[in-house]
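A.B. asks: Quick one: structure below, then a few questions.
FYI, it's all coordinate maths here, none of it is from the lab. Note that the structure is predicted; figures quoted are calculated from it, not measured. FYI the Cβ positions are ideal-geometry reconstructions off the backbone, even for glycines, and counts take in every protein chain you see.
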Amino acid sequence: MKVAECMTRDVQTVTADQPIQEAAQFMLRADAGSMPVCDGERVIGMVTDRDITVRAVAQGRGPDTPVREAMTEHVDYCFDDDDVEEVAMKMSDTQVRRFPVLRREDNKLVGIVSLGDLSRSEQGKAAAVALDGITDPGGEHNQSTE
């Protein structure tokens, strides 16, 4: 089964210049913990509720802080034609619960795939594999912006 068959196609995004308060409001409305940060159709980062809390609020930054100051620039992603099992293993290895989904031909954002999407797919066992790795203690967790 390919990721395109189970991904969420309607993806809310933010730009690096938008304030973190807007990103947080989008996440609240979408009941999501992360959002792709885009420059046009190109993904340039991800911002999570934890990024906003740890990188911005905990450091005394206000709601007008640009997303770029809180986002994670390194983005783990997959392609819409990747196999669900491969993506589940990648999620497990990187301990990430959501991947932006890009179209291979032009790297355009076409969706997002989450553990929930995997669990509801025909390959539901793949989500268990991913969850096992994601919840495995250990690994490097770094919220620095340096």
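A.B. asks: Compare the Cα positions of Leu28, Gly60, Ala70 along the charge dipole of region 3-134 (+1 at Cβ of Lys, Arg; -1 at Cβ of Asp, Glu; about the Cα centre) and return the one farthest towards the positive end.
C.D. replies: Comparing the listed Cα positions along the dipole, Gly60 ranks first.
A.B. asks: Work out from phi, with θ = phi - 60° and the Karplus expression 6.51 cos²θ - 1.76 cosθ + 1.60, the ³J(HN,Hα) of each residue of region 58-72, listed in order in whole Hz, and give x for Gly and Pro.
C.D. replies: Once θ is set to phi - 60°, the couplings for region 58-72 become 5, 9, x, 7, x, x, 8, 4, x, 3, 4, 7, 10, 6, 9 Hz.
A.B. asks: For Val75 and Arg104, calculate 0.36 nm times their separation in residues minus their Cα-Cα distance, and state this gained length in nm to one decimal. Let's see the in-between values first.
C.D. replies: Values: separation 29, 0.36 × 29 = 10.44 nm, distance 1.54 nm.
Going from the current span to full extension adds 8.9 nm.
A.B. asks: Under unit Cβ charges (Lys, Arg +1; Asp, Glu -1), what dipole magnitude, rounded to 20 debye, does region 3-134 have relative to its Cα centre? Don't skip to the answer; put the middle values down first.
C.D. replies: Values: 15 positive and 25 negative charges, 86 e Å.
The dipole of region 3-134 has a size of about 420 debye.
A.B. asks: Follow-up. Using the charge dipole of region 3-134 (Lys, Arg: +1 at Cβ; Asp, Glu: -1 at Cβ; taken about the Cα centre), state which of Cys6, Thr94, Asn107 has its Cα farthest towards the positive end.
C.D. replies: The residue sitting farthest along the positive end of the dipole is Thr94.
A.B. asks: Rounded to whole Hz and in sequence order, give me ³J(HN,Hα) for region 43-54 from the Karplus expression 6.51 cos²θ - 1.76 cosθ + 1.60, θ = phi - 60°, writing x for Gly and Pro.
C.D. replies: 7, 10, x, 9, 10, 10, 4, 5, 4, 4, 5, 7
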